[in-house]
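Here is the structure we will look at.
The values are calculated or read from the model by the stated rules, or taken from the named source; none is laboratory data. Note that the structure is a prediction, hence the values are computed from the model and not measured. Please note: Cβ atoms are built from the backbone with ideal geometry, for glycine as well, and neighbour counts cover all protein chains shown.
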Amino acid sequence: MGEQLEKLYDVELKPGAGENYVCNLTKPEFAEVMKTNIPKEPLPDEQMVEVALKRLDQLRKERKSLQLYLDICVRCGACVKQCHYFLGTGDPKNTPVGRAELLRKVYRAHFTISGKLFGPLVGAQKLTPEILKNEWYKYFYQCSECRRCSVFCPYGIDQAEITMAGREVLNSVGLATKYITQVISQVYKHGNNLGIPEPAFKYNCQFLEEEIKETTGVDVKIPVDKEKAEILYLPPSADLFTNTDTMIGVAKVFHAVGADWTMSTYASEAANFGLFFSYDDLKAINLRVVETAKKIGAKLVIFGECGHAWRAARQFMEAMNGPLPFKFMNILEYTAEQIRKGKLKLDKSRNDDVVVTLHDPCNYARAGDLVEETRFVIKSVCNNFVDMDESVIKEKTFCCGGGGGLLTEEIMELRMKGGLPRATAVKEVVEAHGVNYLAAPCAIDKAQLPLVMQHYEIPVQVGGIHDLVSKALILEGQEEFEAKKKAEEEAAKAAAAAVPAVCGLCDAEFATMDECCEHAEKEHKISKEQCDMVCEPKK
Amino acid sequence: MGVMANFVVNVLPYITFIVFVVGVIYRIAVWWSRPSPIPIPVFPGQRTVGSAIVRVLSDVIFFRSLLQFRGNRILWLGAWVFHISFGLILLRHLRYFLGAEAVPGWVAAVQGIGIAAALVISIPLLYLLLRRIVHADIKWISTPADYFVLLLILSVVLSGLYAKYVARPFVVDVKYVIRSLMALKPVDLSTVTLNTAFLVHFFLVQVLAMYIPFSKVMHLGGIFFSPTRTHHFGGEAHTKQLEEA
């Protein structure tokens, strides 16, 4: 491990450093369309405690994980320096154990014998509206549910389970964030997180089809709302606007293998923000996917480059909305399989301009069993791949700092601090291996990491894996098109060069542009690259 | 002294036994009964039931999570030595539960290592205590209960060592006490000579046993239920391979 990463772990303790990072509260119009029942506005103080405790009691009885993780922590502190928000802020309430204790102390005071008898001596504290508003609402929205702590906990205590429960309790008293509820409301209205309406979604697909045609000469279709299809593809909706190269790459893969696929405007989003909010909404959002797949008779549902989408699919879909009459996989598994079968014609050298490293999305690595396929695909499409330090990849990957429903403007400073560990690791490979491309197969990464890299002044481009696939993949007919295009360009250049030219400095005349350039270099010390500054076609 | 001794030897053990057994069963029953419909394994590790079992056991026996790369290996050493020593000391004490007649070979065999463990265990205990005082972050997350349980175990250890090396009770009398309790027969204190060292040690052990069901020491049982470790796979319709067309 490099010195810079080593230094990361010397954190100065700064209690209260996270106090100022507060997400904006939801608005009534978003709160009322949530599937889980939440008040439109925060409850009055006198009702808060009772409602919150009732919800907490319900949750601990419904979820083994929560009950157990409230009970068995020994506060050994093994998780403390594994949390990116603690490494970035130094606030002890941002350690996994510190954050969980905010909930545990209340649980002990109200639901355990020792807590009722001995109070603060056993770390118990009765719930107050202030705890809900000033501690829970702040700190449960400073956890990205990345589950890195769980890897290092001797009992596998999963902070995400605590955070999810904490947020559900907060929901019950009307303390929800605007960002998450707004995104979910857009899914219910338009089928995707960005709130792209159906016409715009279809228009963008056409636009991307045209772009592929222009660059490859091949008619690649991006089908939407086909009545029947073998494959239902779910992109993160950002792939249709900002990360279009990823969408193009995916469309090309489907085209190359001749797949019968479609996207749907009813379920046009892979991601599932219910994961950050409530089981009810998680289930409802996922149900749109399951219903659509059943309706079009899909045999296979493929999820795009999106981390949370993959966790919602991999761990929740079947348990919540099963049994499923279809199989599902991640697009990276699909592409890896096609490469193994030799169905894709790839020219790695087309990616020789990049040296790639991979940011494992948390939910691929720790919730999705997806670390080998990502690397396999990258190595199949480019020659230069370098992994970051062993302590920050695969199941030990660090969050980008913007996951878990925290990708919102008002807590930008926290996001940058949370991105520090990832940035440090990237910086090491940039300096040691000249890495210039950070592959991040997750829509949240693609929004968050460019800001982080800019903030810490690390010169890398952030992009998807299918962006690289797209560059290396050669479609049928593409080479002919490229050869033709090249020939045309050369012919045009030759035609231009054959025109008689005149030197602008001494007015000497020449039969061709080349001759003029040679003259300019010899007589006027003008290099051939800059020749066009002096030599002009004769009028 | 007589009243106190009578209480510690003839009354408290039954209370301790009931509190400990009922308490532990209750806590485990609660965990057992809670539903867990959503699979939440943390990868990599468990794709089958077998690999989930291996993972849980490797955490139980070797504290694998602490031991892994960039885990906390100093804490691992302290915690592991402490727990193993504690286990060995318990095994050694089995001899007091057996009759005056022959002690089985393996119980005799662990006497030496059990005594060594008793001599060693204070070191990891002091380490576990000191790290809560020295490291600012660990100090911040510690509650009074965390210090209490360490000090309680330390007092059990020290009183045990004192009874072993300084003020030894007569071992036959100790056996008699334990065997009487096991047979639910009252101990006739006029026939045995139990010194203060033994009584203090015996009392502290009982306090510890009664404290366990109400405390974090239950992590010992909880680890077998942890869904991130015990769950395997999840998402059965997920496939990594395409069906041949």
### Task
Determine whether residue A:305 is acidic (Asp, Glu), outside any helix (DSSP H, G or I), buried (at least 24 other Cβ atoms within 10 Å of the Cβ) and in the same structural domain as residue A:460 (by TED's automatic domain parsing).
yes
Conditions (1) part of a helix (DSSP H, G or I); (2) surrounded by 19 or more Cβ atoms within 10 Å (Cβ to Cβ) -> residue B:26 fails only (2)
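Can you tell me which residue is surrounded by the most Cβ atoms within 10 Å (Cβ to Cβ) among those in the stretch B:205-245 that are of a type in the set (Val, Ile, Thr) and more than 7 Å from chain A (Cβ to nearest Cβ)?
Step one: list which residues in the stretch B:205-245 are of a type in the set (Val, Ile, Thr), which gives B:205, B:207, B:212, B:217, B:223, B:228, B:230, B:239.
Now narrow it down to the ones that are more than 7 Å from chain A (Cβ to nearest Cβ): B:205, B:207, B:212, B:217, B:230.
Numbers: B:205: 19, B:207: 13, B:212: 18, B:217: 18, B:230: 21.
For the stretch B:205-245, the residue satisfying everything is B:230.
Take the residues of the stretch B:38-85 that are of a type in the set (A, V, I, L, M, F, W, C) and within 30 Å of residue A:282 (Cβ to Cβ): which is farthest from the other protein chains (Cβ to nearest Cβ)?
Restricting to residues being of a type in the set (A, V, I, L, M, F, W, C) and within 30 Å of residue A:282 (Cβ to Cβ), the top hit is B:49.
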Confirm whether residue A:203 is of a type outside the set (Lys, Arg) and within 24 Å of residue A:239 (Cβ to Cβ). yes
Residue B:83: passes all of (1) in a helix (DSSP H, G or I); (2) loosely packed, with under 14 Cβ neighbours inside 10 Å but (2)
ask   = Is one or more of the residues making up the stretch A:174-196 more than 25 Å from the chain's Cα centre (by Cα) and not basic (Lys, Arg)?
value = yes
task = Would you confirm whether any residue within the stretch A:411-422 is farther than 22 Å from residue A:371 by Cβ, in a helix (DSSP H, G or I) and small (Gly, Ala, Ser)?
result = no
For the stretch A:69-97, the count of residues that are without any contact (Cβ under 8 Å) to a residue 24 or more places away in the chain, of a type outside the set (D, E, K, R) and not in a loop (DSSP other than H, G, I, E, B) equals 1
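Just give me the residues in the stretch A:297-349 being farther than 30 Å from residue A:474 by Cα and more than 12 Å from chain B (Cβ to nearest Cβ), in sequence order.
A:297, A:308
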Scanning the stretch B:1-28 residue by residue, those of a type outside the set (Val, Ile, Thr) and more than 16 Å from residue B:201 (Cα to Cα) turn out to be B:2, B:14, B:17, B:20, B:23, B:26, B:27
* Yes or no: residue A:376 surrounded by fewer than 19 Cβ atoms within 10 Å (Cβ to Cβ), among the hydrophobic types (A, V, I, L, M, F, W, C), more than 7 Å from chain B (Cβ to nearest Cβ) and touching a helix residue (DSSP H, G or I) at 6+ places or on another chain (Cβ under 9 Å)? -> yes
Hey, any hits in the stretch B:184-200 for a residue that's among the hydrophobic types (A, V, I, L, M, F, W, C) and within 30 Å of residue A:77 (Cα to Cα)?
no
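May I ask you to list the residues in the stretch A:329-361 that are part of a helix (DSSP H, G or I) and of a type in the set (A, V, I, L, M, F, W, C)?
Initial filter on the stretch A:329-361 (part of a helix (DSSP H, G or I)): A:331-340, A:348-351.
Correct list: A:331, A:332, A:336, A:339.
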Out of (1) surrounded by fewer than 19 Cβ atoms within 10 Å (Cβ to Cβ); (2) outside any helix (DSSP H, G or I), the one residue A:17 does not meet is (1)
Those residues of the stretch B:112-156 that are in a loop (DSSP other than H, G, I, E, B) and not polar (S, T, N, Q) come to a total of 2
Residue A:245 meets each of (1) of a type outside the set (Ser, Thr, Tyr); (2) part of a helix (DSSP H, G or I); (3) buried (at least 22 other Cβ atoms within 10 Å of the Cβ) with one exception, condition (3)
Residue count, the stretch A:266-284, condition within 16 Å of residue A:189 (Cβ to Cβ), under 18 Å from the mean Cα position of the chain (by Cα) and in a helix (DSSP H, G or I), comes to 2
Residue set A:156, A:123; condition facing another protein chain (nearest Cβ under 7 Å), buried (at least 23 other Cβ atoms within 10 Å of the Cβ) and of a type outside the set (Val, Ile, Thr); output residue A:156
All-but-one check, residue A:361 against (1) within 13 Å of chain B (Cβ to nearest Cβ); (2) over 24 Å from the mean Cα position of the chain (by Cα); (3) more than 20 Å from residue A:232 (Cα to Cα), failing number (2)
Of the residues in the stretch B:136-178 that are within 28 Å of residue B:103 (Cα to Cα) and among the basic types (Lys, Arg), the one that is surrounded by the fewest Cβ atoms within 10 Å (Cβ to Cβ) is B:168
So, first residue at positive phi in the stretch A:171-188, second residue assigned to a helix (DSSP H, G or I) and among the small types (Gly, Ala, Ser), Cβ within less than 9 Å, six or more apart or across chains; the pairs are A:174/A:31
By residue number, the members of the stretch B:24-50 that are over 28 Å from the mean Cα position of the chain (by Cα) and of a type outside the set (A, V, I, L, M) are B:37, B:39, B:43, B:44, B:47, B:48
*Just wondering, is there one or more residues in the stretch A:204-214 that are in contact with a Gly (Cβ under 8 Å, 6 or more places away or on another chain) and buried (at least 17 other Cβ atoms within 10 Å of the Cβ)?*
no
Query raised in the report: Can you find a residue in the stretch A:53-66 that is facing another protein chain (nearest Cβ under 10 Å), surrounded by fewer than 19 Cβ atoms within 10 Å (Cβ to Cβ) and assigned to a helix (DSSP H, G or I)?
Result: yes
Residue A:452 meets each of (1) surrounded by fewer than 20 Cβ atoms within 10 Å (Cβ to Cβ); (2) at pLDDT 95 or above with one exception, condition (1)
For the stretch A:330-358, pairs from a residue that is surrounded by fewer than 21 Cβ atoms within 10 Å (Cβ to Cβ) to a residue that is basic (Lys, Arg), with Cβ under 6 Å and 6 or more apart or across chains, are A:350/A:471
The condition of being surrounded by fewer than 21 Cβ atoms within 10 Å (Cβ to Cβ), in a helix (DSSP H, G or I) and touching a residue at least 40 places away in the same chain (Cβ under 8 Å) holds, among A:483, A:487, A:492, A:447, only for A:447
